[in-house]
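A quick write-up on the structure given underneath.
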Amino acid sequence: MKQFNDFLKEKLREIEEAGLYRERIVLPPDTVDFSSNDYLGLRDNPSTKEKLCRSIESIALGSGASALISGFHPIQKELEESLAEFKNTESCLVVGSGYMANIGLIPAISEEGDTIFSDQLNHASIIDGIRISKASKLVYRHCDVEDLERKIRTTNTKGKRIIVTDSVFSMDGDIAPLDELVKISQKYDAVLVIDEAHSTGVLGEEGRGIFSHFGIEPTDNTILMGTLSKAVGSYGAFICGTKLLINYLINRMRSVIFTTALSPLQNFVSLYNLKAIKEEVYRRERLFRNVETFLEISKREGLDVNFFGTPIITYIVSEPKRTLYIRDKLLENGIFVGAVRPPTVPPGTSRLRITITSKHTPEDLKRLLSTLSKIVNG
Ligand SMILES: *Cc1c(COP(=O)(O)O)cnc(C)c1O
């Protein structure tokens, strides 16, 4: 196996030389974490934990089978009904993870001859879903609806048109121009797929997401997917849309048919955390108060951060090795931020990705920004 191991070593050496080596870190206790997507602090939600303790005797720890065999338990049905209500759609399908949702959904709804129009900065799971599909792909410039419309108009397609976009872009924190995308999708009779991974629980009334944020309603041609692992603080994902769509996906989506359903235990956590999003309003209030405070302090510290109205805030360093250096210095000071480098983001745009949550204190924010300011200003 010498050849194989040499291949692995050589590839890893190239990755390391480019400053792109990745490893998993267990954060030391007491580290202030600015990297998680747990925007509302719900992964430690006491109200859900308490309900879980009271109900644990009657909750199955595993689902036992694919949802189409016997893995579909009452708790998943209840979770799907709650999500459909939350997202203002007819129906919902809960699936394994956001990644599995996208790699299953996109190939299921498309076929050869269709064209998928994809935002340049879409999440990797969307890109992989398009790769698996038999449709052709056209990438439009980031959030550029004129470029999108031009590409739709000048492309002859025998089949359907499908537009796919993140709602909040995971590595930049900016919000897709949903109102214009809906108009274009209606004008050209295109399907609109929106990935609500970072808008669910964060944007809109009661955290209902991007449609509520824009004050518009999903149409019959809209598909909303999102994950339960970010603001919901659990694990799993959902696809919301018409009853017709969901019935079709149950029959065609390979990452639903050929995989074991989520455990009732996990769905229990999602269900009660979703209730908490609606009822424990103070969480979102704290989150956005923290965002305000963060912006005020960063201005005072003279740090040029990028903010687009969401809790994902970036500080562009550009060079990957320098980004890692700053990340490690912060960690020495008990603060963790994500160092995002290619291929996750385009070359030359390596950055610190700072996510604010409801759990941060004003002292945490001050500590991060004054330490960062000291590091970058030498
Ligand atoms: C995190 C994320 C996913 C993947 O969701 P998981 O449940 O973590 O697999 C998909 N799309 C976007 C935009 C994301 O940020």
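Residues in the range 133-146 that are among the aliphatic types (A, V, I, L, M) and either open to solvent by less than 20 Å² (accessible area, probe 1.4 Å) or at pLDDT below 95 (or both): A135 only. For E285, the requirement of being open to solvent by 30 Å² or more (accessible area, probe 1.4 Å) and more than 23 Å from E78 (Cβ to Cβ) is met. Of the strands (runs of 3 or more DSSP E) lying entirely inside the range 87-205, those containing at least 2 residues that are within 11 Å of the ligand (Cβ to nearest atom) and in contact (Cβ under 8 Å) with a residue 24 or more places away in the chain span 161-166, 191-195.
Being open to solvent by less than 40 Å² (accessible area, probe 1.4 Å), under 27 Å from V340 (Cβ atoms) and within 12 Å of the ligand (Cβ to nearest atom) is the requirement here; does G236 meet it? Judged against the criteria, G236 is a match. It is to be established whether one or more residues within the range 65-75 are more than 21 Å from R208 (Cα to Cα), open to solvent by less than 70 Å² (accessible area, probe 1.4 Å), in contact with a helix residue (DSSP H, G or I) (Cβ under 6 Å, 6 or more places away or on another chain) and not in a helix (DSSP H, G or I). Checked the range 65-75: at least one residue is more than 21 Å from R208 (Cα to Cα), open to solvent by less than 70 Å² (accessible area, probe 1.4 Å), in contact with a helix residue (DSSP H, G or I) (Cβ under 6 Å, 6 or more places away or on another chain) and not in a helix (DSSP H, G or I).
Here's the yes/no breakdown for (1) touching a Phe, Trp or Tyr at 6+ places or on another chain (Cβ under 6 Å); (2) under 23 Å from T89 (Cα atoms); (3) surrounded by fewer than 23 Cβ atoms within 10 Å (Cβ to Cβ):
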{"position": "G173", "(1), (2), (3)": "yes, no, yes"}
{"position": "D179", "(1), (2), (3)": "yes, yes, yes"}
{"position": "I184", "(1), (2), (3)": "no, yes, yes"}
{"position": "I194", "(1), (2), (3)": "no, yes, no"}
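State whether one or more residues within the range 147-164 are among the small types (G, A, S), over 17 Å from the mean Cα position of the chain (by Cα) and open to solvent by less than 10 Å² (accessible area, probe 1.4 Å).
Within the range 147-164, none of the residues are among the small types (G, A, S), over 17 Å from the mean Cα position of the chain (by Cα) and open to solvent by less than 10 Å² (accessible area, probe 1.4 Å).
Within the set K374, K329, the sole residue that is charged (D, E, K, R) and in contact with a helix residue (DSSP H, G or I) (Cβ under 8 Å, 6 or more places away or on another chain) turns out to be K329. Test each condition in (1) touching a residue at least 60 places away in the same chain (Cβ under 8 Å); (2) within 12 Å of the ligand (Cβ to nearest atom); (3) over 22 Å from L271 (Cβ atoms); (4) not aromatic (F, W, Y) for G226 and report the one that comes out false. Condition not satisfied by G226: (3). Of everything in the range 1-55 that is surrounded by fewer than 16 Cβ atoms within 10 Å (Cβ to Cβ) and small (G, A, S), the residue that is farthest from the chain's Cα centre (by Cα) is S55. When residues in the range 258-271 are screened for being surrounded by fewer than 21 Cβ atoms within 10 Å (Cβ to Cβ) and either within 20 Å of the chain's Cα centre (by Cα) or free of Cβ contacts under 8 Å to residues at least 60 places away in the same chain (or both), 0 of them pass. Can you name every residue in the range 344-375 that is touching a residue at least 60 places away in the same chain (Cβ under 8 Å) and surrounded by fewer than 16 Cβ atoms within 10 Å (Cβ to Cβ)? The answer is P362, K366, S370, S373.
The values are calculated or read from the model by the stated rules, or taken from the named source; none is laboratory data. The shown structure was predicted, so the numbers you read here are calculated from the model rather than taken from an experiment. As a convention, Cβ positions derive from the backbone with ideal geometry for all residues, glycine included, and neighbour counts pool all protein chains shown. Only protein heavy atoms, including side chains, enter the accessible area calculation; ligands, DNA and RNA are left aside. Shrake-Rupley method; radii C 1.70, N 1.55, O 1.52, S 1.80 Å.
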